[in-house]
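What follows is a short report on a single structure.
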Amino acid sequence: MNHEKERGNIMQTMAITMLAGYLVIINAAALLMMAEDKRRAKRHQWRVPEAALFGAALLGGSAGAWAGMYLFHHKTKHWYFVVGMPLILAAQLAAGVWLAGNSGLV
């Protein structure tokens, strides 16, 4: 019985570590996508599609995308980015809190 509980704790720790790693990577990618799009905009080059920027945010990179908006002063005049990114982040945080509460983590 004790081994089963220990194995469950190890699996839970591994899952949390993997999720944290994923979130670091997707948020870094979203931030870098904002930086690259800003660089391309300044050079009048082909741009990163807005759908790709929102896609990265929806896949868990909303904090990185939102940070990139203000760090690089990019997309801050577009209402759908100014409103959309924080709303996506709020929804993801709410889902995370709900999942953590229902899984016994909190």
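The values are calculated or read from the model by the stated rules, or taken from the named source; none is laboratory data. On a predicted model such as this, the values are computed, not experimentally measured, just so you know. Heads up, the Cβs are rebuilt from the backbone with ideal geometry, glycines too, and the neighbour counts pull from every protein chain shown. Please note that ligands, DNA and RNA were not included when accessible areas were found on the heavy atoms of the full protein model with its side chains. Shrake-Rupley method; radii C 1.70, N 1.55, O 1.52, S 1.80 Å.
If you check GLY68 against the conditions, is it in contact (Cβ under 8 Å) with a residue 24 or more places away in the chain, under 30 Å from MET11 (Cα atoms) and not in a loop (DSSP other than H, G, I, E, B)?
On the way: in contact (Cβ under 8 Å) with a residue 24 or more places away in the chain: yes; under 30 Å from MET11 (Cα atoms): no; not in a loop (DSSP other than H, G, I, E, B): yes.
No.
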Note to self: With the requirement that a residue be among the β-branched types (Val, Ile, Thr) and not in a helix (DSSP H, G or I), what does segment 1-56 give you?
What the structure shows: VAL48
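Working only within segment 25-39, note down all residues that are closer than 11 Å to HIS74 by Cβ and either among the hydrophobic types (A, V, I, L, M, F, W, C) or open to solvent by 70 Å² or more (accessible area, probe 1.4 Å) (or both). Step through it out loud before you land on a result.
Start the filter on segment 25-39 by keeping residues that are closer than 11 Å to HIS74 by Cβ, which leaves 31, 33-39.
Correct list: LEU31, MET33, MET34, ALA35, ARG39.
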